[in-house]
Amino acid sequence: MSTEKIIQCLANWGVTATDLPLLTQAITHPSATKKPHYQRLEFLGDRVLALVIAQWLQDIYPKANEGKLAQRLAFLVCRDTLARLARRMNLDEAIILAPSEEKSGGRENPAILADVLEAVIAALYLSQSLEIADHFIRRLWDEVVKEDPADSKSTLQMAVQVNGRPPPTYEVIDQSGPAHKPRFTVQVKANGETATGAGRSLRQAEQKAAKELLDHLLAKEPVHE
């Protein structure tokens, strides 16, 4: 039974479930019922998670600048990281899905896994406290919080695709210099924004363009919307 599974999932990470109706809502996909589902909780859990991780990173890296902290935050709250941790705690086994969604692979869908994990975080915050939600997050994220973020291209892609947005696109807009020493200029587009980067190789130019756009997006709006 799904309720029993979510209770066990949380118990394995040091949390005692208290509000079973709210937790049931947190693991219920919109396809499964007309009753309350996880979407509103996911919205709140997203913010709780970002707050906890941001504070944690401040503590771990007291000398890191804002850009480095933001890059790590983007990696730690992105869909792929959330989905990986949801699988780690066997949350995929607890999700309540309509038969059609189950058949189409919804239980393995990274977006669904990420949303449900955020909804569970919100349920813990609402039914118990920020302290309990913080405790849960720190235990579950403990093995990944110090992982090096992916390169700029991968980090940018994770950041913009959190809510199913199209991936960044790259275009060579200039190539100069002799054949043995070329220089590439690349333009990247994502979220309606553009940035450019230049380098001695196509990969280097793409990485610089991705970093430029990532820094711009992080300065303009929260990493995880």
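Tabulated data
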quantity	calculated
Segment Val145-Ala198, length gained on full extension (0.36 nm per residue, minus Cα span)	16.0 nm
Share of carbon and sulfur in the accessible heavy-atom surface of the chain [1.4 Å probe, %]	50
Percentage of interatomic Cα-Cα distances in segment 8-146 larger than 24 Å	27
Overall form of segment 132-177 per C-alpha gyration tensor (a/c, 1.5; a/b vs b/c)	oblate
Span from the segment 4-40 Cα centroid across to the segment 73-146 one, whole angstrom	11
Where the chain is the region considered: accessible area per residue in Å², 1.4 Å probe	51
Segment 17-69: C-alpha gyration tensor shape, a/c 1.5 cut-off, then a/b vs b/c	prolate
When segment 73-204 is reduced to its Cα atoms, the Kirkwood hydrodynamic radius in Å	17.5
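The values are calculated or read from the model by the stated rules, or taken from the named source; none is laboratory data. The structure displayed is predicted, hence computed values, not measured ones. Areas reflect the complete protein model, heavy atoms only, side chains present, ligands, DNA and RNA absent. Shrake-Rupley method; radii C 1.70, N 1.55, O 1.52, S 1.80 Å.
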